Amino acid sequence: MKVAFISGTSIVNSSLFSSWEQCRIDTVYGSVAYRKKGDHVIINRHGFGVPLPPHSINCRANVRALADLGFKDVISLNSVGSLKADLPPGTFVSCSDYVCLQQGPATFFDSELKGGAPGIANNLIPLLLESLAPEFNIHAGKVYVQMKGPRFETKSEVQIIKDWGDVVGMTAAFEADLCTEAGLNYNSLALIDNYANGLFNTEIDFVRFKELVKDNQARVNRLFSRMLEIVSAD
């Protein structure tokens, strides 16, 4: 099965893809670095060099690159904060919808009165959930709330958005919008690395966030290894 992956901070610290061929493609929206092995490629949304903060990621170039490379199915792994007590850090989720009100949607239609109906295809999620169980219990059907970044949300902002969805992040909504416009099937997976700022006595900053991501690295590596086995065997 020909599948592309988009990930971020979780693959910066991983050696899992170090042997994959390093490639680059030029798109009309900019140049994109990616790594390739067989029928699979992976893009680090933050870049493989000096990592870009979320609000500076060239999402249009990343998605256009995957379309230009001939991919139809995309699996995304995002790091998120939990907005719910029953979704503690360390939990894997799959989001089926999203809220993105703080900023306008990302789009390829800059000069056309046109736009795709938003959504997350999740066409591969049933296969992944079945095949990854029981090792991984992935909570499906969750709602992703996108905030702008690069800073984390204030405690007052979290008190507002905790009723909007289940997890909060800074990237997935743009990727889902653009994949839909480009005719790609976006599949959502996310690992909860922390409770959102102020919830359940949580204090969060970037230093602490990086420590939490590092703590979950082994589980992310294992998840990617299993996913590669599944999509390679199908």
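Since every read-out is calculated from the coordinates, none of them should be taken as a lab result. Worth saying up front: this structure is predicted, and the values here are computed from it rather than measured. Neighbour counts run over all protein chains shown; Cβ positions are idealised from the backbone, glycine included.
Taking the number of Cβ atoms within 10 Å of each Cβ as an exposure proxy, the fewest-first ranking of Arg45, Arg60, Arg151 is Arg151, Arg60, Arg45. Legend: residue pairs Lys84/Lys148; Lys36/Lys72; Lys84/Lys155, Cα-Cα distance threshold 22 Å; every pair lies within threshold. Remark on Ile6: its backbone amide H falls under 5 Å from those of Ile43, Ile75, Ser76, Leu77, a criterion applied only to residues 5 or more positions apart or on other chains, H modelled at 1.01 Å from N. Projecting the Cα positions of Leu199, Gly30, Asn123 onto the charge dipole of the chain (unit charges on Cβ atoms of Lys, Arg, Asp and Glu, taken about the Cα centre) puts Gly30 furthest along the positive direction.
Only beta bridges with both residues in the chain are counted; by DSSP, about 35 percent of them are antiparallel.
Net charge around Glu181, counting only other residues with Cβ within less than 15 Å of its Cβ (Lys, Arg = +1; Asp, Glu = -1)?
Working: positive: Arg60, Arg64, Lys72, Lys114; negative: Asp68, Asp110, Glu112, Glu175, Asp177.
Taking every other residue near Glu181 into account, the sum is -1.
Across the range 15-27, computed HN-Hα scalar couplings (Karplus, 6.51 cos²θ - 1.76 cosθ + 1.60, θ = phi - 60°) run 8, 4, 10, 5, 8, 5, 5, 8, 9, 8, 10, 9, 10 Hz from first to last residue, x flagging Gly and Pro. The alpha-carbon of Lys162 sits under 18 angstrom from the alpha-carbons of these aspartates and glutamates, leaving out residues fewer than 8 places away in its chain: Asp86, Asp97, Glu153, Asp193, Glu203. Considering only alpha-carbon pairs that sit under 8 angstrom and 6 or more positions apart, the relative contact order computed for the range 3-233 is 27 percent. A dipole drawn for the range 3-233 from +1 and -1 charges on Cβ atoms has a positive end, and of Thr9, Ile75, Leu184 the residue lying farthest that way is Thr9.
State which stretch of the chain is the longest one without any exposed GluC sites (Glu not before Pro), exposure meaning a DSSP loop state and at most 16 other Cβ atoms within 10 Å. It would help to have the intermediate numbers written out before the result.
Details: sites that count: Glu112, Glu135, Glu203.
Segment 1-111 is the longest.
In this structure the amide hydrogen of Val145, modeled in the peptide plane, comes within under 5 Å of the amide hydrogens of Val99, Asp166, Val167, Val168, Gly169, none closer than 5 places in sequence on its chain.
Is the C-alpha gyration tensor of the range 25-121 telling us rounded, prolate or oblate? Criteria: a/c under 1.5 is rounded; beyond that, a/b larger than b/c is prolate, otherwise oblate.
Details: a/c = 1.66, a/b = 1.23, b/c = 1.35.
Since a/c reaches 1.5 but b/c is at least a/b, the shape of the range 25-121 is classed as oblate.
Note on Ala33 and Ser96: their simple-model spin labels are 3.8 nm apart, each label 7 Å out from Cα toward Cβ.
For the chain, with only Lys/Arg (+1) and Asp/Glu (-1) charged at the beta-carbon, what is the dipole magnitude about the Cα centre, in debye rounded to 20? Could you put the intermediate results ahead of the total?
Details: 22 positive and 25 negative charges, 90 e Å.
Roughly 440 debye for the chain.
Placing dummy labels 7 Å off each Cα toward the beta-carbon, the span from Val50 to Thr154 is 3.0 nm. For the range 221-226, the Karplus equation 6.51 cos²θ - 1.76 cosθ + 1.60, evaluated at θ = phi - 60°, returns couplings of 4, 5, 4, 4, 4, 5 Hz by residue, with Gly and Pro reported as x.
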